[in-house]
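Here it is: the structure, laid out below.
Every number here is computed from the coordinates shown, using simple stated rules; none is lab data. None of the values given here were measured: they were computed from a predicted structure. Note that each Cβ is placed from the backbone with ideal geometry, even for glycine, and that neighbours are counted across all protein chains shown.
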Amino acid sequence: MNQNALCSGDAAVITQPAILQMIKTAKNDSFAQQEVEINQKIYRITCSDIGGLSENENVILLAEDVTLRRIQEKQNIQNNKMMAIGELASGISHELKNPLEIICNYCYALKKGILHTKEDCLQTICVIEEEAKEANKIVESLLSFARLSPTEIGEAELKASVQMILQLQMPLFHHKQIAVEFNCTEPVWVCCTQEGLKKIFINLFTNAMDAMEAVKDRQKKIRISVMLTENFAVVEVEDNGKGMKAEEKERIFNPFYTTKSTGTGLGLYLVYQQLEEVGGSIQVYSEEGQGTLFRVMLPLKKSLGE
């Protein structure tokens, strides 16, 4: 370009200090690229050195106006946020409505003196307490999603923690006629608090139980196995439930995504979030009608040099 062209229209971006600095970088490194905002427009600048026999700066400079593209990207992000907020509001309101309605009904019964015996009143108060706890659990899940609760990276013994969780949920397993198999030969210390392990495995076990609700033609089973690699404890949670479609597997860890008629869709997202915060990971293997396997990777205590 000649000097007049450099000072007119979009070509004027070439004379900006940031671009002149890119030209110097390209002369040293052969290539440079960055986005700059000039006169309320966004340009993606690419600069490549083409060498030359003279001492002049011989470069190819490409200035592409990407303003509309970036505006559209921001709009898409905002739209996705609004959709997520809508899904959150719908899920939370549905989940909170049930316990709150029960609490209101039983409070009405107490206030109007409908209950005549002390035993009936005590039973009503117990129901109110349980429903209040259920509402509190929903709020705690929301706080965890919003990261308002501090994340603590500690240590816990995996075998004992899983056994404790299984013991707590065993009445549910029996009620739903689910056989549970737990294979872990020795204590294993992992980099995660006991509360973190409860969050991970209660959600995974609940998900497995829900997946087997419709199973009628075979014995319902959940298998939990623990294996060790050099740096990780590998925990597999496998059920023989309904399995998942390919599109469900792709979205299973997204917040607010659920295939259930009730629920906020935060359970598996919180599992994913908890593992990510302690340096672990989770994978899912599933086929429709063939069951589901979750593979959890938890860093061993020794892998952090402790």
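Using a 10 Å cut-off on Cβ atoms, rank the peptides 195-201, 114-120, 161-167 from the highest mean neighbour count down.
Ranking, from highest mean packing down: 195-201, 161-167, 114-120.
State, to one decimal in nm, how far the label point of Val66 lies from the label point of Ile125, with both points 7 Å from Cα in the Cβ direction.
Result for the modelled spin labels: 6.5 nm.
Moving to a separate point now. Stretch Glu247-Lys137 to full length: gain in nm at 0.36 nm per residue minus the Cα-Cα span?
Residue separation times 0.36 nm, minus the Cα-Cα distance, leaves 36.7 nm.
In sequence order, what are the phi-derived ³J(HN,Hα) couplings for the range 59-70 according to the Karplus relation 6.51 cos²θ - 1.76 cosθ + 1.60 with θ = phi - 60°, rounded to whole Hz, with x for glycine and proline?
Coupling constants for the range 59-70: 9, 9, 10, 10, 10, 10, 6, 10, 4, 4, 4, 5 Hz.
Can you give the extra length, in nm with one decimal, that the chain gains between Met164 and Glu37 once fully stretched, where that is 0.36 nm per residue apart less the Cα-Cα distance?
40.0 nm
Related question: If packing is taken as the average number of other Cβ atoms within 10 Å across a peptide's residues, how do 173-179, 273-279, 232-238, 99-105 rank, most packed first?
So the order, starting with the most tightly packed, is 232-238, 273-279, 99-105, 173-179.
What FRET efficiency do you get for Asn76 and Tyr285 if R0 is 25 Å and r is their Cβ-Cβ distance, rounded to the nearest 0.05?
Here the calculated transfer efficiency is 0.20.
Right, something else. Find how much the distance from Asn254 to Arg295 grows on full extension, using 0.36 nm per residue of separation minus their present alpha carbon separation; answer in nm with one decimal.
On the way: separation 41, 0.36 × 41 = 14.76 nm, distance 1.71 nm.
Fully extending the segment from Asn254 to Arg295 adds 13.0 nm.
Please list, ordered by chain and number, the residues whose modelled amide H lies under 5 Å from the amide H of Ala156; skip anything fewer than 5 residues away on the same chain.
Val190, Cys192
Given H placed on each backbone N at 1.01 Å, which residues far from Leu228 in sequence or on other chains put an amide H within less than 5 Å of it?
The answer is Val234.
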